[in-house]
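What follows is a short report on a single structure.
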Amino acid sequence: MIRIVSVLFIVLMTFQFCSTAQSTFYTTKSKKAIKFYHKALTCFNTIDHVSGKADLTGAEENIKKALSKDSLFGEAYGLASKISIEKGNIQEAIDFKNKMISVSPVVPLIEYYFLSGMQMSIGDYENCLKNAKKYKSSPLADSRYMVNIERMIKNCVFAINAIQNPVDFNPFNLGPGVNTEMPEYFPSVTADDSTLLFTRRIIDERAPYGGKQEEIFVSKKQSDSWMESSLVSSNINTEFNEGAPTFSTDGQYIIFVGCETGPKGDYEYGDGRKGYGSCDLFYSQNNGGVWSKPENLGPPINTKHWETQPSFSSDGKTLYFVRGLTYNRQRRNPDDQDIYMSTITDNGTWSKPKKLGSNINTSFREESVQIHPDGKSLYFASNGHAGMGGLDIYMSRISEDGKWGNPVNLGYPLNTYMDENSILISSNGELGYFSSNREGGFGSLDLYGFSLDKKYKPLPITFIKGKVYDVDDLTPLPALFQLTNLENGKIFSELTANPGNGEFLLTIPNDNNFAFHAEYVGYNLVSKNFSFDQLKLTKEGYVLDIPMTKIRPGTFVLENIFFETNKWDLKSNSIIELNKVYKMLTLNKEIEIEISGHTDNVGDAKSNILLSENRAKTVVNWLVEKGISISRLTFKGYGESKPIVDNSSDENRAKNRRTELTIK
């Protein structure tokens with residue numbers, strides 16, 4: 001809950017005295033009051049060329065003297081309100097504004113606009129609503145301000161109702177292993193909730209600007225406590241800013257933000273990194289515990305604009321991020337930023353990023369996006385939807401037709417009149433993480449956790465972890481593997497095992513049966529279907545280790561080839577497995593195979609031979625149509641003659657009904 005008071009309407013107030021200061025008509029006849037008022041105005045408008053600040057002390061002293069000469073001096077109360085704004089005391093500014101209105105015989109309508117804006121900025125919703133409605137209902141209302149007036153009314157109505165119907169929210173500090181007296185923010189966790197990645201601003205004499213910079217830190221969890229954090233890697237962290245990191249689900253990739261370090265035009269990003277302007281997204285891969293030198297994601301992800309706050313989907317295919325528009329390579333309007341997404345295409349490149357629809361992105365500000373590992377729940381911050389006034393946290397869920405639902409505000413007191421962002425929801429949906437400078441912390445912004453209200457939880461998922469290795473010598477293998485939903489054929493996850501240790505970790509819905517496929521050059525295809533009750537469950541989650549055998553003469557079962565009953569017509573859910581066989585043959589062009597069909601002992605032997613042979617032939621024909629030479633393929637039907645178990649039960653007979661692939 002980053003405590004930054006919104007200044008949207010406060011900035012507008014700087015216009016209110018442009019003409020008043022020059023006017024010779026005041027609500028006071030006291031020459032001394034007017035004299036001190038002009039002195040205060042001079043102090044307020046004179047900017048020191050060294051500090052870049054106005055003389056607020058002088059302005060405040062003189063305006064007090066002016067009011068001491070005439071306590072009904074309306075213009076003096078107006079200037080006192082402006083001085084209080086510059087001091088950061090919004091409540092005092094409101095009090096002075098109300099006093100100005102009460103003593104002035106004629107009050108310009110615009111003052112109610114400015115007053116409601118200040119009241120919104122401190123969460124005084126009842127009075128904000130009253131004054132915003134007063135402005136809106138006047139025939140003199142300026143149409144230029146009606147968008148903001150309507151927005152304030154909408155937010156006030158929402159906020160009043162939200163306060164009357166609070167959600168459960170009991171945050172707890174993540175502790176001294178993570179938090180320090182310096183600011184910590186932008187958390188990211190692995191799917192098993194064992195590793196936390198976050199940004200910390202540190203004091204660094206090497207830093208080129210102001211002796212401070214952002215670094216990426218990592219902490220491991222032990223016995224429900226976060227251990228002492230450390231810099232993630234010297235290959236990633238430099239004396240320049242690195243921040244807003246996101247893990248891939250398995251923790252094998254980090255995508256983070258780096259910004260230009262030199263003058264405009266050199267596109268330098270520090271430590272030899274090059275970019276495309278403003279802030280760019282970079283990635284690093286973990287190779288057996290060593291993070292690689294970061295590389296720029298390149299176009300079309302990175303542009304001359306400001307790319308930041310990435311979130312990588314659990315299937316390893318889609319990247320969500322925030323893009324802020326720049327003009328002459330400078331940010332001018334913080335509301336010119338939206339959430340975008342890009343997917344990895346079949347040829348391994350990123351697609352042109354698309355801006356999420358207008359029910360997610362608004363004409364105001366969106367940021368701090370997270371695509372949850374369930375692949376269907378999106379969490380983000382925005383000040384453009386109905387909320388508590390500043391940046392609030394929202395959730396949207398994607399429908400089967402691929403459209404994002406209307407965002408739901410996560411409620412009060414998680415959301416307040418201040419800015420809330422930097423939120424992250426754990427894989428199991430039980431915990432949320434966020435950044436706040438609330439009382440009781442270690443200093444500045446700390447990272448906190450909280451139990452997520454059930455109304456805003458993502459869809460149930462689980463995670464599977466394991467290792468891919470050579471079955472003979474246990475050498476880790478960086479195999480490509482996929483998890484596919486057997487019901488609809490959708491590839492839910494496609495990842496590569498860690499090149500250094502062969503490990504993987506992925507998340508999947510916990511209510512489906514899946515097919516698992518692993519492939520690596522020189523090794524036999526591994527293909528199995530399973531349900532969760534077939535997997536080993538440990539304290540660390542479900543375990544699925546994948547031993548792979550080098551390609552050599554031998555036979556293995558294609559477990560995900562399915563036919564219509566007593567027919568040789570392939571079922572549509574067989575295509576997934578067939579594509580894997582095709583891929584293996586294209587990866588290993590020297591091998592020749594036989595496809596064999598087998599049945600149980602139901603029916604007569606002659607019919608079973610014919611059925612099994614036609615099924616094997618169907619598979620071969622499919623491969624030939626895909627472009628595999630017939631000279632590399634043979635087929636044969638064995639009927640019921642080669643059972644792998646006895647046919648004493650329905651379960652055993654199902655095992656005997658199979659299609660096998662034999663490498664010659």
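The values are calculated or read from the model by the stated rules, or taken from the named source; none is laboratory data. Worth saying up front: this structure is predicted, and the values here are computed from it rather than measured. Cβ: placed from backbone, ideal geometry, glycine included. Neighbour counts: every protein chain shown. Surface areas here come from the heavy atoms of the whole protein model, side chains and all, with no ligands, DNA or RNA. Shrake-Rupley method; radii C 1.70, N 1.55, O 1.52, S 1.80 Å.
Numbers at a glance
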| quantity | calculated |
| --- | --- |
| Estimated distance in nm for a label pair at residue 89 and residue 109, the labels positioned 7 Å out from Cα along Cα-to-Cβ | 3.3 nm |
| Simple label model, 7 Å out from Cα along Cβ direction - residue 565 to residue 327, nm | 7.0 nm |
| Where GluC sites (Glu not before Pro) fall in DSSP loop in the range 573-628, at most 15 other Cβ within 10 Å | 590, 592 |
| Per DSSP, loop trypsin sites (Lys or Arg not before Pro) in the range 29-91 with at most 15 further Cβ within 10 Å | 29, 53 |
| Qualifying lysines (Cα of each under 21 Å from Cα of residue 355; at least 8 residues distant if same chain) | 304, 317, 376, 403 |
| Stretchable slack from residue 42 to residue 536, in nm (0.36 nm times residue separation minus alpha-carbon distance) | 170.2 nm |
| Set of aspartates and glutamates with alpha-carbon distance to residue 293 below 17 Å, sequence-local pairs under 8 removed | 215, 239, 242, 268, 271, 280 |
| Long-range Cα-Cα pairs in the range 552-639 (distance over 18 Å), rounded percent | 42 percent |
| Shape of the range 190-318, Cα gyration tensor, a/c cut at 1.5 | oblate |
| Long pairs among 39/87; 490/636; 221/274; 220/455, criterion Cα-Cα beyond 25 Å | 490/636; 221/274; 220/455 |
| Answer label, with Cα extents along the principal axes in Å calculated from the coordinates and candidates [x] 117, 53, 45; [y] 101, 85, 52; [z] 146, 61, 40 | [x] |
| Computed lengthening from residue 72 to residue 579, 0.36 nm per intervening residue step minus Cα-Cα distance | 174.1 nm |
| Cross-link partners of residue 550 among lysines (Cα-Cα below 18 Å; sequence separation of 8 or more within a chain) | 467, 528, 580, 583, 589, 664 |
| Relative contact order of the chain, defined on C-alpha pairs under 8 angstrom at six or more residues apart (%) | 9 percent |
| Calculated FRET value between residue 224 and residue 26, using beta carbons and R₀ = 56 Å, to 0.05 | 0.30 |
| Helix-derived mean residue ellipticity, 222 nm - over the chain, DSSP H n ≥ 4, -39500 (n - 2.57), to 500 | -7000 deg cm²/dmol |
| DSSP beta bridge pairing in the range 527-664, given as percent antiparallel to the nearest 5 | 75 percent |
| Solvent-accessible surface (1.4 angstrom probe) belonging to residue 283, in square angstrom, nearest 10 | 70 Å² |
| Per residue Cα convex hull volume in Å³ - calculated over the range 361-469 | 147 Å³ |
| Loop chymotrypsin sites (Phe, Trp or Tyr not before Pro), the range 205-251 (other Cβ atoms within 10 Å of the site Cβ: 15 or fewer; DSSP) | 209 |
| Whole-angstrom gap from the range 125-179 to the range 412-443, using each part's C-alpha centre | 19 Å |
| Estimated inter-spin distance, residue 491 and residue 287, nm [label 7 Å along Cα→Cβ] | 2.4 nm |
